[in-house]
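Beneath this line is the structure, given in structure tokens, with notes to follow.
The values are calculated or read from the model by the stated rules, or taken from the named source; none is laboratory data. Not measured: the values here are computed from a predicted model. Cβ placement follows ideal geometry from the backbone for every residue including glycine, while neighbour counts extend to all protein chains displayed. Protein only, heavy atoms only, side chains kept; ligands, DNA and RNA dropped before computing areas. Shrake-Rupley method; radii C 1.70, N 1.55, O 1.52, S 1.80 Å.
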Amino acid sequence: MKADNLRKKFLEFFAGKKHKIIESDSLVPAGDPTVLFTSAGMNQFKKQFLGQITDFRRAASSQKCLRTDDLEKVGITPFHHTFFEMLGNFSFGDYFKKEAIEWAWEFLTEWLKIPKDKLWVSVYKEDNEAYEVWSKEIKVSKDRIIKLGDKENFWPSEAKQKGPNGPCGPCSEIFYDYGKDVGCGKKDCDPSCSCGRFAEVWNLVFTQFNRKEGGSLEPLPNKNIDTGMGLERLAAVMQGVKSNFETDLFQPIVKEIIKEAGRSPNIKTVYVISDHIRAIAFAILDGVLPSNDSRGYVVRKLIRRGVNNCRQIGLKKPFLYKLVAVVAEVMQEPYPGLLQRRENIAAIIKKEEESFWKVLKEIEPRSVSSLDEFKKEYKSQSELAKKVAQFAFELHDTYGYPKEMTEEFAKSKNVPFDGKHFDSLMQEQKQRSKSASSMAGDVFVDSEIKVDLKPTEFVGYETVEEESKILKIFDNENKEIHSTKGLKSAKVILDKTPFYAESGGQVSDKGLISKDTDAMLEVTEARKIHESIVHICGSIKGEFKVQDKVSAKVDVERRLAIARNHTATHLLQAALRKVLGEHVQQQGSLVAEDRLRFDFTHFKQLTKEELFRVEELVNEYILNNETLKVEEKTTAQAKKEGALAFFAEKYADKSRVVKIGGYSKELCGGTHLKSTGQIGIFKILSEGSVAQGIRRIEAATGKFAYKNIKQQQELIQELSNMLKTDEMNLIANLTKMIESYKEMDRRLSSTKLESLKKSLNDIIASGKVVNAVKIIAYKIEDADFSVLRSVMDMLKKDLKSAIITLGSVRDGAVMIVMGITENLKTKGVDASLMIKSVAEVVGGKGGGRPDLAQAGGNMANKLNDALSKAVEVSEEKVRQ
């Protein structure tokens, strides 16, 4: 049975058991700072597990998950993955153990027809209730039920002894038995054995306790069910294979990798690549771009691991990006968005791959030279071995560079390598990574205001002023109080409100809550906590009490300005898709009073002509004065009809659809204008890069756009006055002036160069000879890069064997050029590597070719120190 069918059957089965089917959440959990990635099906149901009121008490989902806890096991075992789908059914104070166990058994044995004698179960050693259900109700033979301890069958693992605090409980697991011919072959082999005979298929967690400080457990008033079944493992069982990588979820990817390798590559390496590309593609789809921070670092690390594994099977150029189309094809039924964005995602991966291939070319020669330095520095073999292991770990952690390759270099140089020290460093890093990507502190973090109310009725689409009633008041420490007496600020919840709470990139409304002429609360912000809108009040006049009847009034002028920018954002996306193509998709936005910001997918910088056309098109839409049509539809139906949705936004079953003419249709809960003409004018302020494959446009509308245009006009007028010309001739006059300046600069440089020609002998004489190599580091006053390069060329002609560094300061900027003679290139001397440490001295960076490199910096007072550093690194190199 194909994986797509298994996913469907699971959701159909639990829909029949009156579960609400919930769409997979993003890999980036919305509003949850406690985890890096969604790592389990239960992540998106935290508020239900915390007992908050929702419209359902039973749910089922197929959730995209990403974990890196067991990264080193991926490809080695048949079942470990970074990206996987978790099938799960959940109960929030509704059904409990009996139903959870019965339905799991029914689905596996009746719907999927798995033979009952192929299934084993485990229960927590103290959970007699679950044991009784399995043995007496389900009639599983007692010799196929095993009792396990806190580490294996309690969630979180060993929580009773080690924490964290919060909801916890025993669990029961269902295993598939591949048969006695698989694994260790021992007669007493059971699911507690890790030989491979038994595959864990389904984990049923019975959340029935609350762990308190000190390790005591108290029964929860509402007992919950949280189950998880890996789709990949289930597919392996149903498709009769012993490895997830042999299923239809992986085989098309695996075959494409083998085809590219052109031979019989190490299959475990192929499996690693096939796993990582799925995680990379889905993470980028959900807005996580390669970077050196947080989630982005995980994606970058996975790409670099993927590249290294590609190298191990003989590939010598970027390849991972080619697999995106295969992944998209395999996953198109449940995740059509991946197919739609495959070109953009592939472009992002390709650029990252190319960047890493360049890094590898730099690392390998540096590794050899570093080992030579370590040999000189450390006389103790054990200390040397540890240092090399630490170096290997740093390369692995920073660049994803394989430990094995550093080991090989060490072996070629007769340098010892402490493998145990490397493993201990990896273990420490793994723990840090696990801590960063897991829940912080308690199992469920909920330090916000304790609302415990029905959702606030939002009336802000229809009105900006409403008569309301105060339901709750909180002080600055989120303590619930009855009155604002004596407070300078407070938080207030009303039964209904016109105030829009910050959401979807749109800032919140501001305004006033008043009781009479003498009592007033200034609302500086509105936030949505769960389903209640909390009004943050910055100043208080008079006294307000719970149950007071009040008037809530939004700042209308500000609301209109925000609405102009929000409606304009929709027009901007429509224009971008028309000018650049339908690959353009929103990646983030800010809708404020004075400006809008829109992040979108695109491969390169927009040309001047493209920007002009986008701005022109938006203003055409404004002049058309199209009436906005807003309607409520099911989210699924709206998407089916072509409504655009922001990937990071979590939508309810029913959503507002904002339609403008025949060119814009989006799911949107924000506030908008009645017609496009109310925007007035739209002006692009800037366009730039946010990350690889992501561009950003900032723009203004209405009076803020007019103000920007006015400022530009005033600047042009001021320049015209300074140059004593009119606006029409301003460009011509500026061009003439710049050309005149360039000509003067060329003449000065030429004069400077002629003068320096006479000083060549002095420059050469300033150097010293080390191992038959002339080392020169010389400061030239007020020279640019072109002069420094010209002097470098002249010196290299006069010298047979030399490393030369020339530096200068011009207009406060430091310029450094480093070069080597041709004979040193064959001896492994590389100016592009040596200049990096020199550039750091002046607060800059450098690079270039092995024979000629240059660097810039902003610390002019450190130039002499940088030249001294150049002498130092040059001497070290020629003495090796």
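So how strong a dipole does the chain carry about its Cα centre when Lys and Arg Cβ are +1 and Asp and Glu Cβ are -1, to the nearest 20 debye? Mind showing how you got there, number by number?
On the way: 138 positive and 127 negative charges, 398 e Å.
Dipole size: approximately 1920 debye.
Each label point is 7 Å from the Cα along the Cα-to-Cβ direction; what then is the distance between the points at Cys184 and Ile76, in nm?
1.9
Quick one: what Rg and Dmax do you get for the range 513-599 from the alpha carbons, in Å?
18.5, 57
With only Lys, Arg, Asp and Glu charged, each at its Cβ (+1 for the first two, -1 for the last two), find how big the charge dipole of the range 547-698 is about the Cα centre; round to the nearest 20 debye.
So the magnitude is around 280 debye.
Could you check the simple spin-label distance between Ala772 and Ile267, using points 7 Å along Cα→Cβ, in nm with one decimal?
5.6
Set the Förster distance to 22 Å, then compute FRET efficiency between Leu360 and Lys322 from the Cβ-Cβ distance, nearest 0.05.
Details: r = 19 Å, r/R0 = 0.86.
With R0 = 22 Å, the Cβ-Cβ based efficiency is 0.70.
Taking every alpha carbon pair in the chain, what does the distance histogram look like in 20 angstrom bins from 0, in percent?
12, 34, 35, 17, 2, 0
Return a whole-number percent for the relative contact order of the chain, with Cα pairs under 8 Å and 6 or more residues apart as the contact set.
Numbers: 1645 pairs, mean separation 60.0, N = 880.
Across the chain, relative contact order equals 7 percent.
Counting pairs of Cα atoms in the range 587-626, how many percent are more than 11 Å apart?
Numbers: 571 of 780 pairs.
Tail of the P(r) past 11 Å holds 73 percent of the pairs.
Can you find, among Leu628, Gly41, Asn5, the residue sitting farthest towards the positive end of the charge dipole of the chain, where Lys and Arg contribute +1 and Asp and Glu -1 at Cβ?
Of the listed residues, the answer is Asn5.
Taking only protein heavy atoms and a 1.4 Å probe, what accessible area per residue, in Å², does the range 743-880 have with all protein chains in place?
So the range 743-880 comes to 50 Å² accessible per residue, rounded to a whole number.
With a bin width of 5 angstrom, please list the P(r) values of the range 42-181 as percents of all Cα-Cα pairs, from the 0 bin to the one holding the largest distance.
Distribution as computed: 2, 8, 14, 17, 22, 20, 12, 5, 1, 0, 0 percent.
When the accessible area of the range 263-346 is computed with all protein chains present and a 1.4 Å probe, what percentage of it is carbon and sulfur?
Numbers: 1370 of 2950 Å².
Carbon-and-sulfur percentage of accessible area, whole number: 47.
Rounded to the nearest whole Å³, what is the per residue volume of the convex hull around the Cα atoms of the range 571-700? Intermediate results must be reported in sequence, preceding the final value.
On the way: hull volume 13.6 nm³, N = 130.
In the range 571-700, the Cα convex hull volume per residue is 105 Å³.
Over the range 604-676, give the accessible area per residue in Å² for a 1.4 Å probe, as an integer.
Numbers: 4130 Å² over 73 residues.
With all protein chains present, the range 604-676 gives 57 Å² per residue.
Can you find, among His80, Leu338, Ala765, the residue sitting farthest towards the positive end of the charge dipole of the chain, where Lys and Arg contribute +1 and Asp and Glu -1 at Cβ?
Towards the positive end, the residue furthest out is Ala765.
What number does the range 105-196 give for Rg over Rh if you use C-alpha atoms and the Kirkwood radius? Walk me through the numbers on the way to the answer.
Values: Rg = 14.4 Å, Rh = 14.4 Å.
Rounded to two decimals, Rg over Rh is 1.00.
Are there any trypsin sites (Lys or Arg not before Pro) in the range 657-704 that are in a DSSP loop and have at most 15 other Cβ atoms within 10 Å? List them by number. Kindly include the intermediate steps, with their values, before the conclusion.
Working: sites: Lys659, Lys665, Lys674, Lys683, Arg695, Arg696, Lys703; in loops: Lys674.
Listed in order of number, the matching sites are Lys674.
Out of the range 72-122, which trypsin sites (Lys or Arg not before Pro) are coil in DSSP terms and have no more than 10 other C-beta atoms within 10 Å?
On the way: sites: Lys73, Lys97, Lys98, Lys113, Lys116, Lys118; in loops: Lys113.
Answer in residue order: Lys113.
Positive end of the charge dipole of the range 55-193 (Lys, Arg +1 and Asp, Glu -1 on Cβ, about the Cα centre): tell me which of Ser192, Trp111, Gly149 has its Cα farthest that way.
Result: Ser192.
How much accessible area per residue does the range 478-585 have, counting only protein heavy atoms and a probe of 1.4 Å, in square angstrom? Let's see the in-between values first.
Details: 4530 Å² over 108 residues.
In whole numbers, the range 478-585 has 42 Å² accessible per residue.
By DSSP, what percent of the beta bridges with both residues in the chain are antiparallel, rounded to the nearest 5?
Numbers: 126 of 143 bridges.
Among the beta bridges of the chain, antiparallel pairing accounts for roughly 90 percent.
As a test of the definition: which semi-axes, in Å, follow for the range 685-750 when you take the square root of five times each eigenvalue of its alpha carbon gyration tensor? Largest first, please.
Working: eigenvalues 204, 106, 10 Å².
Each semi-axis is √(5λ); the values are 32, 23, 7 Å.
Please give the contour-minus-distance gain from Lys255 to Gln340: 0.36 nm per residue of separation, less the Cα-Cα distance, rounded to one decimal in nm.
On the way: separation 85, 0.36 × 85 = 30.60 nm, distance 2.29 nm.
That pair, Lys255 and Gln340, stretches by 28.3 nm at full extension.
Return the percentage of antiparallel bridges among DSSP beta bridges fully within the range 93-186, rounded to the nearest 5 %.
Details: 6 of 10 bridges.
Around 60 percent of the beta bridges assigned by DSSP in the range 93-186 are antiparallel ones.
Return one quarter of the surface area of the convex hull spanned by the alpha-carbon atoms of the range 506-560, equal to its mean projected area, in nm². Could you put the intermediate results ahead of the total?
Details: hull surface 17.7 nm².
If you wrap the Cα atoms of the range 506-560 in a convex hull and average its projections, you get 4.4 nm².
Consider a paramagnetic label point 7 Å from the Cα of Lys20 along Cα→Cβ; state which residues of the range 616-657 have an amide N under 11 Å from it.
Residues 652-654 qualify, since their backbone N sits under 11 Å from the label point.
So for the range 198-267, what are the equivalent ellipsoid semi-axes in whole Å, largest first, each being the square root of 5 times an eigenvalue of the Cα gyration tensor?
Values: eigenvalues 362, 38, 17 Å².
Taking √(5λ) for each Cα gyration eigenvalue gives 43, 14, 9 Å.
Rounded to the nearest 0.05, what FRET efficiency do Glu739 and Leu799 give with R0 = 41 Å and r taken as the Cβ-Cβ distance? Could you check?
Details: r = 37 Å, r/R0 = 0.91.
In this case the efficiency is close to 0.65.
At a 1.4 Å probe, what is the % contribution of carbon and sulfur to the accessible area of the range 110-168? Working shown, then result.
Values: 1450 of 3110 Å².
Of all accessible area on the range 110-168, carbon and sulfur atoms account for 47 percent.
In the P(r) worked out for the range 294-358, what percent of Cα pairs fall beyond 16 Å? Walk me through the numbers before you get to the answer.
Details: 1016 of 2080 pairs.
More than 16 Å apart: 49 percent of the Cα pairs in the range 294-358.
Lys549: net charge of surrounding residues, Cβ under 13 Å, Lys/Arg +1, Asp/Glu -1, itself excluded? Before the final figure, lay out each step's value.
Details: positive: Lys469, Lys496, Lys515, Lys545; negative: Glu466, Glu467, Asp495, Asp516, Asp548.
Net charge around Lys549: -1.
Starting from a Cα-only point model with no solvent, please compute log10 I(q)/I(0) by Debye for the range 1-90 at q = 0.12 1/Å.
Those come out to -0.43, one per q.
Amide H neighbours of Ile481 under 5 Å, at least 5 residues apart or on other chains, H built in the peptide plane: list them.
Amide H to amide H, under 5 Å and 5 or more residues apart or across chains, Ile481 pairs with Ile473, Phe474, Asp475.
Given Cβ point charges of +1 (Lys, Arg) and -1 (Asp, Glu) and nothing else, what value in debye, to the nearest 20, does the dipole of the range 499-599 about its Cα centre take? Could you put the intermediate results ahead of the total?
Details: 15 positive and 15 negative charges, 53 e Å.
Rounded to the nearest 20 debye, it is 260 debye.
For the range 760-875, what is the largest minus smallest coordinate of the Cα atoms on each principal axis, given in angstrom and ordered from greatest to least?
35, 27, 21
Stretch Ser380-Glu457 to full length: gain in nm at 0.36 nm per residue minus the Cα-Cα span?
20.4 nm
Compute the length gained on full extension between Ile764 and Glu12: take 0.36 nm times their separation in residues and subtract their Cα-Cα distance, giving the result in nm to one decimal.
Working: separation 752, 0.36 × 752 = 270.72 nm, distance 8.27 nm.
Between Ile764 and Glu12, full extension yields an extra 262.5 nm.
Compute the FRET efficiency between Glu641 and Thr109 as 1/(1 + (r/R0)^6), taking r as their Cβ-Cβ distance and R0 = 30 Å, and round to the nearest 0.05. Please list the in-between numbers first.
On the way: r = 40 Å, r/R0 = 1.34.
For R0 = 30 Å, the calculated efficiency reads 0.15.
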